[in-house]
Amino acid sequence: MVFPKPASESDLILHSNFISRYAKDSIPRFSMPENSMPKEVAYQNIHDELQLDANPKLNLASFVTTSMEEECNKLIMESINKNYVDMDEYPATTDLHNRCVNMIARLFNAEIGENESAVGAGTVGSSEAIMLAGLAFKKKWQNKRKAEGKPYDKPNMVTGANVQVCWEKFARYFEVELREVKVREDYYVMDPAKAVEMVDENTICVAAILGSTYNGEFEDVKLLNDLLLEKNKQTGWDTPIHVDAASGGFIAPFLYPELEWDFRLPLVKSINVSGHKYGLVYAGIGWVIWRTKEDLPEDLVFHINYLGADQPTFTLNFSKGSSQIIAQYYQLIRLGQEGYRSIMEDCRENAMVLKEHLEETGYFNILSKDNGVPMVAFSLKDSSQQYDEFKISKMLRRHGWVVPAYPMPPGAHHIKVLRAVIRADFSRTLVEHLALDIKNVLHELHKIPLDINDEKFLVDTALGEHREIIAQESNKRQKIMAV
Amino acid sequence: MVISSTVSHPDEQNESIACTFASRYVREQVPKFKMPENSIPKDAAYRIINDELMLDGKPRLNLASFVTTWMEPECDKLIMDSLNKNYVDMDEYPVTTELQNRCVNIIAHLFNAPIGSEETAVGVGTVGSSEAIMLAGLAFKRKWQTKRKAEGKPYDKPNIVTGANVQVCWEQFARYFEVELKEVKLTEDYYVMDPLKAVEMVDENTICVAAILGSTLTGEFEDVKLLNELLTKKNKETGWDTPIHVDAASGGFVAPFLYPDLLWDFRLPLVKSINVSGHKYGLVYPGIGWVVWRHKADLPDDLVFHINYLGSDQPTFTLNFSKGSSQIIAQYYQFIRLGFEGYKNVMENCLANTRTLKEGIEKTGRFKIVSKDIGVPLVAFSLKDSSKHTVFEIADHLRKYGWIVPAYTMPADAKHIAVLRVVIREDFSCSLAERLVSDIEKVVNLLDTLPSSINSKDAHVAVIASETSEEVKKDITETQAEILRYWKKLVDGKRVGAC
């Protein structure tokens, strides 16, 4: 532990954080400062700057969890210094990880016996999970082609154009061609028939999304499975399916248990889900589950000696915190299936209420489906107005809400949407507030004739606005401190 | 969070007043394979998990790991407050993003990147050095492929040259990204990559040579300067432009403070990227690493994604997307809280404690020190005589005192050497060092009284006296080989677990 010598003892003892000379000096941005500063001042400086970040709970752009119970926060802080990868040193934590994998695998109806260990891994998020799943498919396909004596240098995968960016990353970094099925107006997800058409002998897998980022819709995995089975029978290729259930994986089992999308479908070989979305854990945890041991090629797995027994690991990240894994286990046993069901039902109901309010205004088309991720994606009925969805988004920011606007994926690029995600901590009261503010914004937009080029009081991007505020506040503070 | 369920069952009515250990939740078997059907009260959930976790090792006594296990309470507060911030929402949390950029700048300047004093550096925060290394490796691979394509030459067999002492993530990178790993074998008494041998292995398909500043096994710094000189010469002769990457996971926050004159970073012209673990001597909890490139040109633009996510443009080059913001904020806290003098003080303390530990171990007369004085603060030591007992037994016995001190075999070609390794972190004080020495003495004395457990099952013989080896008969040699194979199988995992 370091006790650095302060420049002057009196400085520390007599002066509060703000009066001391540390608050006067400009905060270091490019180079490490030469001297130390007292910890209270370091804390205060950073804490104050962070006030200018948006309030996570009003961030309706994100699916990622922003509230957890106090008991869980306690567990998180207590394990913040445990390096997850030290499996030998922290066997109880590793055990909790394995239990989570088992529970999630069974939630997805994996083909394993009651006391059998599932094949899966905890990751930092769905991005890592998807890369691992994709790697497994690539390696399996390569091994098969090598055995058949056929070329294996041009792997590809088929998805919808509505995929999240991490699929494109996977394709680019791991040199797999990405074949995207274009969406169309009124059908904003991957069309299974078109997807199967695009499959050829070099296709390592077809990826379906359960909970599209754009409008929360669940893709028809069952239809995809049926069509692909037929094609496989005709061609003899064994093209498998991966389900990207990043958002939907913790929703469908509780709200739509009859919906067949998981391992109940024979061609589904791996599934990923984000623990930090509807798994109800803070950012930093995802899961990938394989159907059986055979679906994960052995030469990708590294073996670690854990308590004298073999602990196979397959991850991209090595050292990382243990907190989110413990938090995930906490949620799984604390809430149980009834708890998750109860929360998802509340989310869905809140989404319905918001949808009804928006429909009432008469100005919006609803693009999200009732049976999907609890969110409302809406666009303007009349696009000839002086304002568009982006303007509405900017004006909502002034009320404190972060409701993003963006264009739909290729094939329906001309359609813009606003999207409000309903998370577990978004209460009915807040829904009513949001609906009211949206109505207020519409009212303002219709009252004041706005020229589309009139940017005098609407700053160009929200980011620019924030930067401006930060700069102003910073100058203000420096002026005060200079007294 | 809305959990609305009325208390109907008579049993449940008593639950709300029952004390934690009287409630029925501690009677039932804890769920392990299937998600339980019902909810349980939050304090029951907390208690169940907390109790099981008591059986984990104590992070601060975990001398196997370089990763930070203590931070100031003020920083804990900042971490707690930012747990619910998803780092990737850059638009919503611009200050957090700004803090990341400041950290990148600070680190780039620390490594003498050739940029102006107020110029923005090229780099990114990652979850750890594994991700950092994969990104750096990917950049090299893409750059090399582009160059070969332009020259009309084949680009399907990239390789990378490193020492056999590399941490497992290099092997992961090689396997996952289909790059051949060419390892320079070690020799007894030279446990790091030999620059001469490395440069010999370089060919036209080499995407880069990776040097380690702070070898995992002995803490030694590889001679990056010599590597740079030899490689510059070879590049001149061959016309290949083989660059260097420095894996400074441990050493990156040690060398600038303790050995500022040591040339290993961007001061050497062939070094194009460097990775460092924020969660090792960057003094932050696990979950943060950094990779910095020399120049914008060293990061191929087609790897950087500019995406419209949640409504705005975001350039990203990381493997992970959503992740927590806490460790980035904590890293910035450490930079401004400690400053250069603070980090220097911490490292000097670590060095002093390392010396204390080393001297104490040497005084026992039983051990040979394998780590060097100049390097990452750790002490790696082997038994002078392991004919009766092995370092693995010592490690086992030390566990009884609460210490987690790992024992490893060295990689090829020094597999007959086994060492114990103690990492000196910031929170390992002099008093703990003295206590450890006395406990080691106790263990050694205890082992003296115990019968030798050396039989065909669990011996690991260190080749020491050449006189004895000449008298070794054939069947004993075979037995030794068998023993070595058995231990290699058991402890290979420990080698990859060493971080």
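The values are calculated or read from the model by the stated rules, or taken from the named source; none is laboratory data. Bear in mind that the values here come from a model prediction, so they are computed numbers and not experimental data. Cβ sites come from the backbone with ideal geometry, for glycine too, and all protein chains shown count toward neighbours.
Structural remarks
- Meets criteria (touching a helix residue (DSSP H, G or I) at 6+ places or on another chain (Cβ under 8 Å), surrounded by 23 or more Cβ atoms within 10 Å (Cβ to Cβ), at pLDDT 95 or above and hydrophobic (A, V, I, L, M, F, W, C)) for residue B:208: yes
- Each residue in region B:290-317 was checked for being facing chain A (nearest Cβ under 8 Å), at pLDDT 85 or above and touching a Ser or Thr at 6+ places or on another chain (Cβ under 6 Å), and 0 pass.
- Looking only at region A:282-304, and only at residues there that are under 16 Å from residue A:99 (Cα atoms) and among the β-branched types (Val, Ile, Thr), the one that is nearest to the chain's Cα centre (by Cα): A:285
- Contact annotation: residue pairs with Cβ atoms under 7 Å, 6 or more positions apart or on different chains, pairing a residue in region A:319-333 that is in contact (Cβ under 8 Å) with a residue 40 or more places away in the chain and more than 8 Å from chain B (Cβ to nearest Cβ) with a partner that is small (Gly, Ala, Ser) and not in a loop (DSSP other than H, G, I, E, B), are A:325/A:122.
- Lone unmet requirement of (1) outside any strand (DSSP E or B); (2) modelled with pLDDT of 90 or more for residue B:382: (1)
- Residue list for region A:340-384, restricted to those being in contact (Cβ under 8 Å) with a residue 40 or more places away in the chain, polar (S, T, N, Q) and either farther than 19 Å from residue A:251 by Cα or touching a His at 6+ places or on another chain (Cβ under 8 Å) (or both): A:361
- Members of region B:84-98 that are in contact with a helix residue (DSSP H, G or I) (Cβ under 7 Å, 6 or more places away or on another chain) and either more than 8 Å from chain A (Cβ to nearest Cβ) or within 17 Å of residue A:284 (Cβ to Cβ) (or both): B:84, B:85, B:87, B:90, B:96
- From B:121, B:113, residue being under 25 Å from residue B:376 (Cα atoms), surrounded by 21 or more Cβ atoms within 10 Å (Cβ to Cβ), touching a strand residue (DSSP E or B) at 6+ places or on another chain (Cβ under 7 Å) and among the aliphatic types (A, V, I, L, M): B:113
- Selection within region A:167-192: residues that are part of a loop (DSSP other than H, G, I, E, B) and within 14 Å of chain B (Cβ to nearest Cβ). The member of this set that is nearest to the chain's Cα centre (by Cα) is A:174.
- Residue A:422 being among the β-branched types (Val, Ile, Thr), crowded, with 24+ Cβ neighbours inside 10 Å, in the same structural domain as residue A:93 (by the TED database) and modelled with pLDDT of 90 or more: no
- Filter pass, residue B:400 being free of Cβ contacts under 8 Å to residues at least 24 places away in the same chain and farther than 20 Å from residue B:189 by Cβ: yes
- In region B:214-236, the residues that are under 16 Å from the mean Cα position of the chain (by Cα) and either on the phi > 0 side of the Ramachandran plot or assigned to a helix (DSSP H, G or I) (or both): B:214, B:219
- Some residue of region A:340-362 being of a type in the set (Phe, Trp, Tyr) and modelled with pLDDT of 95 or more: yes
- Screening the candidates A:78, A:40, A:69 for the property of being facing chain B (nearest Cβ under 8 Å), of a type outside the set (A, V, I, L, M) and in contact (Cβ under 8 Å) with a residue 40 or more places away in the chain yields one hit, A:69.
- Residues that are within 15 Å of the chain's Cα centre (by Cα), modelled with pLDDT of 95 or more and of a type in the set (A, V, I, L, M, F, W, C) occur at least once in region B:252-259.
- Index of the failed condition, residue B:220 passing every other in (1) away from chain A (no Cβ under 14 Å); (2) out of contact with any Gly (no Cβ under 9 Å at 6 or more places or on another chain): (2)
- Tally of residues being within 30 Å of residue A:58 (Cβ to Cβ) and of a type outside the set (A, V, I, L, M) across region B:81-119: 18
- Residue in region B:152-163 that is without any contact (Cβ under 8 Å) to a residue 12 or more places away in the chain and of a type in the set (D, E, K, R) present: yes
- Scanning region B:171-213 for residues being charged (D, E, K, R), part of a strand (DSSP E or B) and more than 25 Å from residue B:406 (Cα to Cα) gives a total of 2.
- Condition check for residue B:321: within 13 Å of chain A (Cβ to nearest Cβ), in contact with a Cys (Cβ under 9 Å, 6 or more places away or on another chain) and crowded, with 17+ Cβ neighbours inside 10 Å: yes
- Taken together, the residues in region B:31-47 that are more than 7 Å from chain A (Cβ to nearest Cβ) and aliphatic (A, V, I, L, M) amount to 1.
- Number of residues in region A:309-321 that are touching an Asp or Glu at 6+ places or on another chain (Cβ under 9 Å) and surrounded by 20 or more Cβ atoms within 10 Å (Cβ to Cβ): the value is 5.
- Search result, residues across region A:85-106 that are within 7 Å of chain B (Cβ to nearest Cβ) and either crowded, with 22+ Cβ neighbours inside 10 Å or within 24 Å of the chain's Cα centre (by Cα) (or both): A:85, A:86, A:89, A:90, A:93, A:99, A:102, A:103, A:106
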